[in-house]
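*Asks:* Here it is, the structure, as structure tokens.
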Amino acid sequence: MNSDLQEIKMLSSKITIRPATIADLDALVDLHLRSFSPKDHLAVKLGTGYIRSVYHWFITSQETFTLVAEHENKIVGLTTVCDRFYNKPMLGNTLSQAMAGILLHPWLILDAEILERLYTFFLKRKRAEKTVRNKEPLVSQLAFIAVDNSMRGKGLGVQLLKQAKNESHKRGGAKMLAGVYENNLSSIKAFEKAGFHILPNSVTRKLIYVEADLEGTDD
């Protein structure tokens, strides 16, 4: 990361957007748990240990990066990105923790969300990823974005998305893909402000997919 990840001023608050380090792991897990509920988020259903392993992978892997927004020494925002479609590599690196989560909560094997995700992952997503790869091989995927309640409505999410686009472009990405809950209108609006557009025919039961062209992204 270089000069484009410097201190920025947003309204009256001084925000620093920077790369996450392993020292941020606890704060990232905490913000994730405060931002997503088990009802809407599969990772939360699998437990804190699984979420911790996911963020550890996003921070340490060579094919991923994580940005954090910091205000008065507190992490108030985050986003994670993989240089390619993240589901398979993430699962491969966190499988033991995922299985531990299911063993601790065995009823999850019958959870409708998990069954739907498995169907989407092995069937629908496989076809969708093949189509996108055939069109453009250098597609990065944004996995998570979260903003602390105290900082919402101030444009921080848009800034995080723009910085993520810049970094992905520097890493060789030509496009960025992300999934958004279709009922999360504020998040959809933030993606649109950051230059993403909704992909046609991409709506699942809960998610829509948005994409941004990284060519021409400011360095």
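The values are calculated or read from the model by the stated rules, or taken from the named source; none is laboratory data. Source: prediction; values computed, not measured. Ideal geometry is used to build each Cβ from the backbone, glycine not excepted, and the neighbour counts take in all protein chains shown. Just the protein is used for accessible areas: all its heavy atoms, side chains included, with ligands, DNA and RNA removed. Shrake-Rupley method; radii C 1.70, N 1.55, O 1.52, S 1.80 Å.
*Asks:* Is there a residue being at pLDDT below 95, open to solvent by 20 Å² or more (accessible area, probe 1.4 Å) and within 13 Å of the chain's Cα centre (by Cα) anywhere in segment 163-170?
*Replies:* Looking through segment 163-170, none of the residues is at pLDDT below 95, open to solvent by 20 Å² or more (accessible area, probe 1.4 Å) and within 13 Å of the chain's Cα centre (by Cα).
*Asks:* Here is a further query. Taking segment 193-219, which residues are modelled with pLDDT of 85 or more and outside any strand (DSSP E or B)?
*Replies:* If the condition is that a residue be modelled with pLDDT of 85 or more and outside any strand (DSSP E or B), then Lys193, Ala194, Gly195, Phe196, Leu199, Leu214 are the ones that fit.
*Asks:* Out of segment 171-186, which residues are within 18 Å of Leu33 (Cα to Cα) and open to solvent by 10 Å² or more (accessible area, probe 1.4 Å)?
*Replies:* Tyr181, Asn184
*Asks:* Could you name every one of the helices (runs of 4 or more DSSP H) located completely within segment 24-74 that has at least 2 residues being open to solvent by 70 Å² or more (accessible area, probe 1.4 Å) and at pLDDT 90 or above?
*Replies:* Once the helices (runs of 4 or more DSSP H) in segment 24-74 are filtered for at least 2 residues that are open to solvent by 70 Å² or more (accessible area, probe 1.4 Å) and at pLDDT 90 or above, what remains is 25-35, 48-60.
*Asks:* What about Ile15, is it in contact with a His (Cβ under 6 Å, 6 or more places away or on another chain) and farther than 23 Å from Glu167 by Cα? Outline the logic, then answer.
*Replies:* Working: in contact with a His (Cβ under 6 Å, 6 or more places away or on another chain): yes; farther than 23 Å from Glu167 by Cα: no.
Spelling it out, it is not the case that Ile15 is in contact with a His (Cβ under 6 Å, 6 or more places away or on another chain) and farther than 23 Å from Glu167 by Cα.
*Asks:* Okay, moving on. Which ones in segment 77-98 are modelled with pLDDT of 90 or more and under 19 Å from Ile22 (Cβ atoms)?
*Replies:* The initial filter retains those residues of segment 77-98 that are modelled with pLDDT of 90 or more, namely 77-84.
Selection gives Gly77, Leu78, Thr79, Thr80, Val81, Cys82.
Conditions tested, residue by residue: (1) of a type in the set (Lys, Arg); (2) part of a helix (DSSP H, G or I).
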site: Ile145; (1), (2): no, no
site: Lys154; (1), (2): yes, no
site: Leu161; (1), (2): no, yes
site: Glu167; (1), (2): no, yes
site: Met176; (1), (2): no, no
site: Phe191; (1), (2): no, yes
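*Asks:* For segment 45-101, which residues satisfy the criterion of being closer than 20 Å to Glu211 by Cα and of a type in the set (S, T, N, Q)?
*Replies:* Taking segment 45-101 and keeping what is closer than 20 Å to Glu211 by Cα, we get 63-67, 78-88.
Those that are closer than 20 Å to Glu211 by Cα and of a type in the set (S, T, N, Q): Thr64, Thr66, Thr79, Thr80, Asn87.
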